[in-house]
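The values are calculated or read from the model by the stated rules, or taken from the named source; none is laboratory data. Note that this is a predicted model, so its numbers are computed, not measured. Heads up, the Cβs are rebuilt from the backbone with ideal geometry, glycines too, and the neighbour counts pull from every protein chain shown.
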Amino acid sequence: MMGRFLNVVFGGERNVIRETVEVFRENADAGGARNAQVQGQAMGQYGEEFRAARSGGFDRFMDGLNRLPRPAMALGTLGLFISAMVSPLWFAQRMQGIALVPEPLWWLLGVIVSFYFGARHQMKSQEYHRGIVSAVQQVPRAVQNIEMIGGLRAESAGVADTGTDARLDAVAIKPDDNPALVAWKAAH
């Protein structure tokens, strides 16, 4: 009787309990597999966008246009400082015109600049964090290399010790030919 019950519940490559629970709660393994597939497809589509050859004139123009705002704002600000020094009256007239700009327009400009530079800041911040993770992963190897290099210093105890190798001992004390020393001795 127990065998029949277990066969009904778990038999025939089925699990009635699991199937019943999955009606109310998603199977985490299957959900993770679906999410991984969806993310893989999205990343593949995103990658395809950047693999396409962008040799057209419009694409080059848009790439150049996207690179203009930051340098234009920086150079424009420097230009304002220079114009204030070169022609204070001209500068004062322009600043009076800017004083007439309504506050909602300043808010709109602030939002546009914040979004533009905020997105760039987020991208650079993520690159920075990836760089830190990569550097931290290199630390154990760097520490090992530093210790190995430190052991090679001439003042380190036993660095030139030949140990019990008699052949190496003989080679270490055998004088070698030094052409510069021979030439110096001949000159003096």
Find the residue count for the stretch 99-152, including only residues that are farther than 22 Å from Arg70 by Cα and basic (Lys, Arg). 2
Scan of the stretch 17-66 for residues that are outside any helix (DSSP H, G or I), surrounded by fewer than 10 Cβ atoms within 10 Å (Cβ to Cβ) and at pLDDT 80 or above, ordered by number: Arg25
Looking only at the stretch 158-188, which residues are exposed (fewer than 10 other Cβ atoms within 10 Å of the Cβ) and within 22 Å of Met148 (Cβ to Cβ)? Gly158, Ala160, Gly163
